[in-house]
Structures are given as structure tokens and as C-alpha cells.
2 protein chains.
Amino acid sequence: MASVLEIIPLGGIGEFGMNCMAVRYGDEMLILDAGMGFPEESAYGVDVSIPNFNFLYEYRDHITAIVLTHGHEDHLGALPYLLKKFNVPVYCSHFTAGLAESKLEEHDLLGDILLHRVEPRDVVDIGVFQVEFIRVSHSLVDCFSLGIKTPVGTIIHTGDYKVDETPVIGEPIDLRSFRRYGQDGVLALLSDSTNATVPGRTPSERAVIPAFEEIFSEAKGRIVVAAFASSIHRLQIVLDVAQQFDRHVCVLGRSMQKNVEVADRLGYLDIPDGLLVSLNEAKMMSDDEIVFLVTGSQGESRAALSQMAMQSYKGLMIEEGDTVVLSARIIPGNERLISRMIGYIYKRGANIIEEKRRLVHVSGHASQDDIRIMTEAVRPKFVVPIHGEYRMLFRHKEFVKNHLGYAEENIVLIENGDVLELDGERAVVTDKREIGRTFIDESGFQEIDSETVRERKQLAYEGTVTVVVTIDEETGELDGEPRIAARGVRGLSSDNGFRDDAKRIVAAAIAGASRQTLADESLLKEHVRVELKRFIQKQTGARPVITPVIVLV
Amino acid sequence: MASVLEIIPLGGIGEFGMNCMAVRYGDEMLILDAGMGFPEESAYGVDVSIPNFNFLYEYRDHITAIVLTHGHEDHLGALPYLLKKFNVPVYCSHFTAGLAESKLEEHDLLGDILLHRVEPRDVVDIGVFQVEFIRVSHSLVDCFSLGIKTPVGTIIHTGDYKVDETPVIGEPIDLRSFRRYGQDGVLALLSDSTNATVPGRTPSERAVIPAFEEIFSEAKGRIVVAAFASSIHRLQIVLDVAQQFDRHVCVLGRSMQKNVEVADRLGYLDIPDGLLVSLNEAKMMSDDEIVFLVTGSQGESRAALSQMAMQSYKGLMIEEGDTVVLSARIIPGNERLISRMIGYIYKRGANIIEEKRRLVHVSGHASQDDIRIMTEAVRPKFVVPIHGEYRMLFRHKEFVKNHLGYAEENIVLIENGDVLELDGERAVVTDKREIGRTFIDESGFQEIDSETVRERKQLAYEGTVTVVVTIDEETGELDGEPRIAARGVRGLSSDNGFRDDAKRIVAAAIAGASRQTLADESLLKEHVRVELKRFIQKQTGARPVITPVIVLV
């Protein structure tokens, strides 16, 4: 083992979410972030995905710590699953720790985990690595970039960030520290690509205040604001503007209530006394005295806003005269759900304000000119775009190459599972580890293996047929007629005589089976399956999953 | 039956696609358009949806004709399915007829159907209705609005349209005819809402020419243009610019080849001799001599572009130096597929030009100022927004109310199945017909009923367990152990001993069953199902579909 640093992304490269990365030197390994993803397999009983951590077992005695940049689900959500496999200390900010604790509590892990709370500019020695926590701005609060000194040089992992000089909560991004690193020399900058396709600067969190003030001054009825529960700056703005316009705020939806509670307890939200009211209190108030701050900006059918729009949420419905503000971006894939919800809100006679019509949302991620500021501050030898689909990573590379003068060979595009080796001079992908995904059913925090999901896809696509054949062990002949049960198979109804024909086919298959086939249950099963499959496909064009059961009597 | 006109949308209201509408007076009924939709149920083996035409059986002797505005799938795609149920004459333009014929041929219907080809300004008497075909501009060619004179007044159905004074192919929208109707008096304008959220005017089809000229002049390697196969104006532009820059064009993808063939045969495309080349010829040419015009702008995995990006399409792969132009909008729901495809194209080292970066696509639908022009030309008593999700219909209403001075009661929002009655004075929804959707598996043009899809969803979500119990008819006791087969169920593997436990539970259920239950197969099945369900749920949290089979021996 030479003196090289290995960077191995477990997720977040070439995809949205599931950010997780291993950094290894000798026999020590740090894990940076442990995020969950939002897979397309939601039609198959899957809620979220996490990296498959299996390849880490090889290094189980080498993992020294998990370091979290911030508390968003795509950086934090896999933490309990990772800790169940590798119980190592966790380093993160106070606010991130607050969210992590509530997550660990749900998994009954709280007592078993060592959580280190760190402050901005804290420097922590973790074995061979020295990690500094650098304050950055983002839509969440208490977020860090990581400055990691290693024996081969310093790497900076930006986490999620934008360059916000006037955040609503806390201090601006700590550019001074980034410049200090730049002066001392940085080997590699691993840098957020989420908004690398967007020209210009990302607006400050404060940029949405004027729109909210206008909306509040115009609204005569109730106001409903839907936002990401984690957008703490945004929540503070809604609280402030509500106070300014003499409205009370009622917080609805589990994750919104949790985040407000954690942020309030840790002192990140400034909530005037008496501003917050319960749902019952809110129901007693007149329409111009109340704001509902709710979950469901993505049209999720079980979240507060959809429920209020489609039927009712705890007795609360969207009504004529309400003003609904969608203070969030549309996460790709949710367009249809959101559009449908908006339709229902319009049907109720309410007014809707979307991001496209007024500036009620700003991104938390660096646009191209934020990337410029970061890259010029850090002046790394290598730029490694992370966090994003390939399209964003490539556009990040293109921008750094065309606008910041970096040479092609100093911009390194990697993929999940790539082993990127850095020796201080060169950055080369030397190996590829196989890293799959594990699916999670969140209702029970259960893992679902990918074989199960594969089976479900097959069932979903064509349905299933079970055929039960009873055979007299002595004569080798059918005892009674075959039973056929079908679910989700098109064209396979009893009234078109199909079932009777299918039974005849199975009976004929048994009658025509060789002695050898009859003597071997697995051969016989396969024989029945193939004959029935052929018949169903010919008759209906369908290819269901066929399960034969042989009963010997 | 009083002298009223009934308008009954069968699809296209509150949804994208599946445009279809019945117009009825006395015992005569016209069907306007017969479109297909693109349902979210694609995970369940469904390709497209069509309106469920069942409620039309009541009027089967009243339907006098089907009138098509244009040949897009969301207006034409359900035609074969509708004609199989009700074989009535079809009226449409020459180009629409060309597309309809190729569709009817696929369904073996061609010889049985009466297709009337009409020209712009043709007026056709269909029983009590007089229908005029009014030329409009759209992304397709040979598109009509319909002016329909009825005994209670005139209605105008816009179909899909935009106000394009400089189309690439054919003549501009026939505003003069719309104004003539306006002068004579129009009872109701049924009007396209697809782009009702978009301010300003929709650009002319010609607007994309400069961007294509730039791209062609910059490109040194091969050029690949992906567009909707039906965007005939766009195809002509690509052909023209290719000619201008001395490149040949190779058309790839089934629907692209079909549309080019039909448009060429009917004289809508002007293709210079020798411009088109076969794939084999294209492969022999040098990179700067060729343009590939391909399907797959939506990232469809089986279409030409995705195949070229991810593996190869008939030996053709995207390569370094290629310029790929996505000359289409992103249809909501396709974001992830498209983004993934773009990633693969970048990985291949090609350059990509998307709609967001250069003007390589314009919409075919009326923006707000087009809606203004149409509405002010026609000056209807009632405006009825059609074609679009509720969000678009409501924004259409809002625009007409706030910017065109229409009173609330003269803008009528309807839903699929609503019976809108017009008597010349009032427009009132008097009834609601139940109109569902029928799902189609396009591979075999087969209908899939919604019960089958419901079963597939259930299977997809939790998997399925089959339990086979053999019972001695005389003793009422188990004969051998129960058989259990599971597919797609999480946590149900044989190695955790689950299966043995489940067998014991089923055996205990049989042993504990009352004489009455044992005597009645359906009672016994239900008993076994409930006991096993309870056990599986308790053990694993899963709720699979359980199918019990009882074999008596």
C-alpha cells in the first residue's frame, strides 16, 4: 500500500440524493455524509434508497468516524442504517445533531451512538486526518464545508452551499477561511454541482422577503405557506412577516413541526411569544389573523397541503378566499403530483402563488458565479464535481474549464464506486467498486433487497398465475382438475372460457409428460410452467409470472 | 327532450392528453377528436390510456360522425378503439387522414372505415350540424379549428392552435374566418388551455431557424437532431438547414420515418432530391456531411437517441465531437429519463444543445396573447377552457376574466363527464356521466381493464403469497404439509425459518377450523387467508396479496 489517498463515492454522483463518500488513507477511513435517495421504484413499495454499504465490511476495522456536512435527508437520511452496521463516532454541527438525534431515536439507536457537536472553525484530529468545519450558507442552517488535511495534501469537500452574504439566520459563508486554504494550497476541491447549469449568482435567502410582504399585504383571507420543512431561513421569514402583518402562525405536518421544534429548542429560530397557535386556536381565529405553515410543497398525497386541498386535514380545508404560497422548487419527478394538487386548490376557489409567478423561493445551491467565487478562493489543483446528475457534473466541468481556465486534466469526473487515487501530484481512477442501492420501506424502516423489487416489477408488469396440480403418486395421473388462480393478468377472465382451456392444456401437459419428468418435481413444475406460459401468451399476448405447485397424493 | 345542445367531454379536461368530446342535439351526436393519454400507470404494463367509451353505447344509433381537428396522438390515438365500437364516418384533413390510415392499417380496420378528407373552409352538413373546417397553425400541419353551427347557436372548437403568421409549411392561421364568425355571433368558444399560463405570444415556427443555422455553422462533427416526429415544420427546417450547410439527412426511428414518409407523400414536406440517405450511406460519409434526424427527445429508452447514447442503435453510437440538439420540450413526467439520457450523451463526449440554452424549440400552443387574439376575433358569449390540467384551465379563466373583461358567469369550467347544456341563453352543467379510462397495452393493441391494473398495483406494492392446503375429504384433516410460494415479499426468505413457521400457522388454522368452515371451501379459504395474513404482517410488517388454494383428496 503506497502513500495515496483514496476517495470513493458511495452515492450522489450521477444521481440526485444519496450523498456519501469514503476517504481512505492507509488503514484509516472517514465517511463523509450518509444520505438517502428518492428512487423511481416508488411504485414497488419502496420509499427511499440508501447506498449499499456492503463493500465497507472489508474496511470495518478501519472506519474511524462519520462526518456530516449538514442535516438534509440526502446527506443524513442513511445515518441510522450505516450506524447499525458500523457504530463509529459522528461529527456534525449542533443543528445537524438535533435532526440526527430525532432520527436515531426513531430507530432506537440514540443511547448507543457517540455524537460530537462541533462549531464553525473547530479543527478535529481524527487519526491521520485533520478536519476543519467551515461555515457555509445553504437553505438549512448550521451547514459546513469540510477542510481535510491528509498526508498527501488538503482536500475541501463543499457539502451543499451557496455564497450568501446576507442569510436570514446566522453569519455569512466564511470565505476568509476558504481563502486561507487557497493560500496554503489545496490539492482537490470536491464541489457541489446541483446548480452548475444555472448562470449568475444564487440569490440570498433574504431575496424572497419582498414577495412575502406583498402577498401578506394583499391577502384578505387565510394564508397557507407550503415549504420544505428543512428550509429554516424560509420558516423564519414566514414567522417574521406574519408578525409584521399581525397574523398568528399554525405549523402543520409532522416534519414541519419537528423541524420547528428542533430549530426553536437549539435557538436557530427566533419565535416571538404568542405567535404560534395550535390548530384548534387557529380554527377559532378570523381568516385575516392566521397563516398556516405546512408540509406538502411537492404534492405528496399524505402531506398536509394535499390533504387540505383534496379532502381535509384534521378538519381543515382549502376554501375560497385562501391564498396558497408554494415556497419551494419542484423536485424533478414530482411535476404531475404538484400540478394535480394545484388543480384541486384552484377548484376550491383559492388563489395560488407559485415560484414561477413571484420570487417566493430561492435555491440553496451554488450557481455558476458562486462556483466561480468558491473555486477562485480555494484555488485547488484538482476540481472534482460532486452532488448531481451527470448532466450537472459535466456542465460544472465545462464551466470550470471554459470560464475559470482549468485544464482538462485538472478536472476529474468520477462515478459512484470509482476509487480516485491522489498522491499529491496526480488524480487517477484506479479501481471501481461495486456499490448498489438498498431500498427502504420507511413504514417499518425495513430494507428491501433488490431481488424482491425485481420480482415486484415483474408482477406489476404482467400479473401472476398460480397453477396447482394434484397427482396420484402411484399412477402418475392427475387427481381432479388443475386449479388456476390469476391476479393482474389481462384477458384472463373466467367468462371467456379461458380458464377451462388453460386447465385442459395443463392436464394434457401432465398426461404427455415422460416418466422421468413425472418422477422429478422440479422437472414437472418447469414442464407445466412452460406449457401454460406458451398457451397464455398465444391466447392473450400476456406473459404473467407463473408459479406451478405440485401436490402428490 | 328540450331544444338544448349538450357538450360532454370524454377526456382532455383536467388532464394532459386524451382529448375527446361529444356534442349532442336531439338524437344526433358528433364526436370531436379521439385522443389517447399517457397515464402514470406505466409501471403496471400500461402504455397509453383512452377514454372509456361505454357511456356512448346508450347513443350508439345517434352518433353520426367523428370529426378530427388534427393528427396528434392526443387527438387521434384512440380512433381505432372508438371505431371498433362505433363504425361511423370520419372527417379530417388530408394529412390527418394520412396518419389515421396508417393507424387503422395497424389495427386491420382500413377497409372498413369511411374517411372524408376535407379542405380548409370546407363546410359539411352532418345531420343537424353544419361543420366548417378553419385553418389554424400548430406544430403539426393541416390542423383545424371547427366552426359548428347548431340549432341553438354556433360553437367554435379551437383544437390545438397558436397564432402563427409565418409558419414554415402552409398558410397562416385563418383569422379572417374567425372574425367572420365573431361578426355573425358565436355562442361558445371551446378553447385550448395548454399554454394559458404563459404570458405573451408563442413564437412562430420560424423562430428556431437562426439557432439551427448557428449550430450547423459551428458543428465540426456529426449533428443529431431529436424532435417530435409529428413536428413537421421542425423537420422541414432541419432539412432546409442541412441542405444549406451541405449535409445529408438520415432519418431514424420508426415514428420519424413514418411521419416523414406520410408528409412527403402528401406533399407537406419539400425534400430536395438526394438529401435523404440511408443509414448505410450515412455511415460511409464523413462527420461533417451528415445530420441524423431521430426520435427519442423524451429519453424513451427504446427510441433511437437513447439507444445511440447508452449502447448503440443499429451500429450507431454517439461519439466525441457529435453535436446533439434536443429540439423539443420536456413533457412533464419525463424529466428523469431525459436527464439520464443527457448524462450518457455527455459521457460519450458529445456536445448537447437543449431548449434552455438556445431557441431550438417553440411551442405549438396558444400563449396568453394568442388566446387574446382568438377570443377577441370570435367574441363568444361563453368561453369554455378545454385541453389542459385544471391549473391551466383556471389560469385560462383568470386571464379571460382579468384581461379580456369577461364576466365570471360567461366563463364555464367543466370536467370530464360533465353534461354542459346550452340553450342559446344559458350554459349550465346539468348532469355528470361516469367516464373512466381504459388502459392499453400497445404491444398487442389490447385493452387492460382497470381492475387488472388495480390488482397489479397491489402485487407491485407488497408482492404475493400462494398457500396450497391439501385436505383429506373424509377426515377433514391436512394431508401433507401446506405449500407456500412467495414472490416479491420482503423478509420472507426460507433461511430465516419464516416459511416453516408460516406452514405451522396454516396447519394450526386448519386443525382449529370448525366443522362448518371445513365443509365450505370459500369459508376455509378466507380462514386460512386471514390467519396467514395476520402472521406475515406481525412477523415482517408486509401485507402481500394472499391466494389460498384448497385441494380436497
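Values for this structure:
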{"item": "Flag for A:ARG499 being within 13 Å of chain B (Cβ to nearest Cβ), assigned to a helix (DSSP H, G or I) and out of contact with any helix residue (DSSP H, G or I) (no Cβ under 6 Å at 6 or more places or on another chain)", "result": "no"}
{"item": "Number of the exception - B:LEU32 against (1) touching a Lys or Arg at 6+ places or on another chain (Cβ under 8 Å); (2) closer than 28 Å to B:VAL136 by Cα", "result": "(1)"}
{"item": "Of residues in the range A:333-391 being of a type in the set (Asp, Glu) and away from chain B (no Cβ under 13 Å), the one surrounded by the most Cβ atoms within 10 Å (Cβ to Cβ)", "result": "A:ASP370"}
{"item": "Qualifying strands (runs of 3 or more DSSP E) (wholly inside the range A:185-292; at least 2 residues being under 30 Å from A:VAL23 (Cβ atoms) and not charged (D, E, K, R))", "result": "A:186-192"}
{"item": "Residue match in the range A:7-27 (condition: closer than 21 Å to A:LEU114 by Cβ and β-branched (Val, Ile, Thr))", "result": "yes"}
{"item": "Residues satisfying the stated conditions in the range B:272-316, i.e. touching a residue at least 40 places away in the same chain (Cβ under 8 Å) and basic (Lys, Arg)", "result": "B:LYS314"}
{"item": "Selection within the range A:1-48 - modelled with pLDDT of 95 or more and polar (S, T, N, Q)", "result": "A:ASN19"}
{"item": "Criterion violated by B:ILE536 - all others in (1) away from chain A (no Cβ under 12 Å); (2) part of a loop (DSSP other than H, G, I, E, B) satisfied", "result": "(2)"}
{"item": "Flag if A:THR452 is free of Cβ contacts under 8 Å to residues at least 60 places away in the same chain and surrounded by 23 or more Cβ atoms within 10 Å (Cβ to Cβ)", "result": "yes"}
{"item": "Matching residues in the range B:138-165 - criterion: being assigned to a loop (DSSP other than H, G, I, E, B) and either of a type in the set (Val, Ile, Thr) or under 21 Å from the mean Cα position of the chain (by Cα) (or both)", "result": "B:HIS138, B:SER139, B:LEU140, B:VAL141, B:ASP142, B:VAL152, B:THR158, B:GLY159, B:ASP160, B:TYR161, B:VAL163"}
{"item": "Given (1) touching a Leu at 6+ places or on another chain (Cβ under 6 Å); (2) not in a loop (DSSP other than H, G, I, E, B), index of the condition B:GLU455 fails", "result": "(1)"}
{"item": "Filter result for B:GLY321 (surrounded by fewer than 18 Cβ atoms within 10 Å (Cβ to Cβ), more than 29 Å from B:VAL141 (Cβ to Cβ) and among the small types (Gly, Ala, Ser))", "result": "yes"}
{"item": "Test: B:GLY424 is at positive phi and either assigned by TED's automatic domain parsing to the domain that holds B:THR158 or charged (D, E, K, R) (or both)", "result": "yes"}
{"item": "All positions within the range B:402-426 that are within 14 Å of chain A (Cβ to nearest Cβ) and farther than 19 Å from B:ILE156 by Cα", "result": "B:ASN402, B:GLU408"}
{"item": "Residue in the range B:392-416 that is surrounded by the fewest Cβ atoms within 10 Å (Cβ to Cβ), counting only those that are among the charged types (D, E, K, R) and either out of contact with any helix residue (DSSP H, G or I) (no Cβ under 7 Å at 6 or more places or on another chain) or farther than 22 Å from B:LYS432 by Cα (or both)", "result": "B:GLU409"}
{"item": "Filtered residue count, the range A:145-166, keeping only those that are crowded, with 23+ Cβ neighbours inside 10 Å and either farther than 20 Å from A:ARG379 by Cβ or in the same structural domain as A:ILE232 (by TED's automatic domain parsing) (or both)", "result": "2"}
{"item": "Residues located in the range A:459-470, provided they are assigned to a strand (DSSP E or B) and either facing another protein chain (nearest Cβ under 7 Å) or surrounded by fewer than 21 Cβ atoms within 10 Å (Cβ to Cβ) (or both)", "result": "A:THR464, A:THR466, A:VAL468, A:THR470"}
{"item": "Hits in the range A:471-488 - residues which are facing chain B (nearest Cβ under 7 Å) and under 44 Å from the mean Cα position of the chain (by Cα)", "result": "A:ALA485, A:ARG487, A:GLY488"}
{"item": "Residue ID - surrounded by the most Cβ atoms within 10 Å (Cβ to Cβ), chosen from residues in the range A:432-449 that are more than 8 Å from chain B (Cβ to nearest Cβ) and assigned to a loop (DSSP other than H, G, I, E, B)", "result": "A:ILE435"}
{"item": "The range A:539-553, subset touching a strand residue (DSSP E or B) at 6+ places or on another chain (Cβ under 7 Å) and over 30 Å from A:GLU474 (Cα atoms), residue nearest to the other protein chains (Cβ to nearest Cβ)", "result": "A:GLY541"}
{"item": "Check on A:VAL429, more than 13 Å from chain B (Cβ to nearest Cβ), at pLDDT 90 or above and either under 29 Å from B:LYS347 (Cβ atoms) or in a strand (DSSP E or B) (or both)", "result": "yes"}
{"item": "Top-ranked residue of the range B:41-67 - restricted to ones that are part of a loop (DSSP other than H, G, I, E, B) and within 14 Å of another protein chain (Cβ to nearest Cβ), ranked as farthest from B:ILE134 (Cα to Cα)", "result": "B:GLY45"}
{"item": "Which listed residue, of B:ALA519, B:ALA513, B:ALA507, is more than 14 Å from every other protein chain (Cβ to nearest Cβ), in contact with a strand residue (DSSP E or B) (Cβ under 8 Å, 6 or more places away or on another chain) and either within 25 Å of A:PRO482 (Cα to Cα) or not acidic (Asp, Glu) (or both)", "result": "B:ALA507"}
{"item": "Sole exception among (1) in contact with a His (Cβ under 9 Å, 6 or more places away or on another chain); (2) farther than 23 Å from B:SER231 by Cα; (3) basic (Lys, Arg) for B:ARG329, by number", "result": "(2)"}
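Residue-wise test of (1) touching an Asp or Glu at 6+ places or on another chain (Cβ under 9 Å); (2) within 24 Å of B:SER339 (Cα to Cα); (3) not assigned by TED's automatic domain parsing to the domain that holds A:ALA78.
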| site | (1), (2), (3) |
| --- | --- |
| A:MET18 | yes, yes, no |
| A:MET21 | yes, yes, no |
| A:GLY26 | no, no, no |
| A:MET29 | yes, no, no |
| A:ASP33 | yes, no, no |
| A:SER42 | no, yes, no |
| A:ASN54 | yes, no, no |
| A:TYR57 | no, no, no |
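The values are calculated or read from the model by the stated rules, or taken from the named source; none is laboratory data. Bear in mind the structure is a predicted one, so any value in this text is a computation, not a measurement. We place every Cβ from the backbone using ideal geometry, glycine too, and count neighbours over all the protein chains shown.
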